[in-house]
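The values are calculated or read from the model by the stated rules, or taken from the named source; none is laboratory data. Computed from a predicted structure; not experimentally measured. When we count neighbours, we look across all protein chains shown, and the Cβ atoms used for this are built from the backbone with ideal geometry, even at glycine.
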Amino acid sequence: MAFNDLDLTQRLDLAREGTAYFAQRLAALSDRELDAPCLLEGWTRRHLVAHVGYNAAALCRILDWAATGIETPMYASMEQRGREIDEGATLSAGTLRNLFTHTAARLDEKWRHLPDTAWSAEVRTAQGRLVPAAETAWMRSREVWIHAVDLGGGGGFEDFPDVVLDSLLDDIVGMWRRKGEGAGLALEVGGQRLVVVQDDAPPTAVVAGPLASVVRWASGRGAVGLTAGADRLPPRWL
């Protein structure tokens, strides 16, 4: 079952579970450890925490759009988004932690009070896609679960619920297909499921392993626990 096949309450609960998981990994890091690099090239852990915090604030803006009908973009521009993250990374450790906590609480409050009719209202993502407001549950889930690993503080894809892993794989492979990437590549998941990335290109290379390991590799987070294809680099996802 995919994430969006679940009812809305279950989807929101998974987003909240991911937020709690990120909060747990963040709490395990000392203030000094926030200065160290995270797993995303060019960013410290400070940048990553600022990004996750401001992502929640951005989702609040498009939920306001859904509720009022007044267009409110996630970000004024991608340049503004980048500046916001860079400036957020300069905040004190305590302020940065509070940013994450408070924006996550604001987002949860928006979800709890959004009118029933607004969940189907179309809003625009930062990438320009028009999606129903209900899609914010997946957008947030993806952010908090993956970035909890990117903190580099002990988080792992094996901790994710299977429905999140399955949906991440669908998301990643879907993006590769739209971009025409991954010709000749197949993913073998758990020795049971074979995913051919491009249907018009017979597989010439296979990346295999448990679901969590395949998703980790596909998302660009390294080849850990793979049984085949660990020497290959994945196509770019985002």
For region 124-158, what are the residues that are among the basic types (Lys, Arg) and under 8 Å from the mean Cα position of the chain (by Cα)? 140, 142
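Yes/no per residue for (1) free of Cβ contacts under 8 Å to residues at least 60 places away in the same chain; (2) within 21 Å of residue 236 (Cα to Cα); (3) among the β-branched types (Val, Ile, Thr); (4) in contact with a strand residue (DSSP E or B) (Cβ under 8 Å, 6 or more places away or on another chain):
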| position | (1), (2), (3), (4) |
| --- | --- |
| 152 | no, yes, no, yes |
| 173 | yes, yes, yes, yes |
| 181 | yes, yes, no, no |
| 185 | yes, yes, no, yes |
| 192 | yes, no, no, no |
Within the set of pairs 6 or more residues apart or between chains, which connect a residue that is in the same structural domain as residue 21 (by TED's automatic domain parsing) inside region 104-119 to a residue that is of a type in the set (Asp, Glu) and in a helix (DSSP H, G or I) with Cβ atoms less than 8 Å apart? 110/64
By residue number, the members of region 41-79 that are over 17 Å from residue 142 (Cβ atoms) and in contact with a strand residue (DSSP E or B) (Cβ under 6 Å, 6 or more places away or on another chain) are 44, 65, 66
What tally of residues in region 185-234 results from selecting those that are farther than 12 Å from residue 169 by Cα, in the same structural domain as residue 165 (by TED's automatic domain parsing) and surrounded by 20 or more Cβ atoms within 10 Å (Cβ to Cβ)? 3
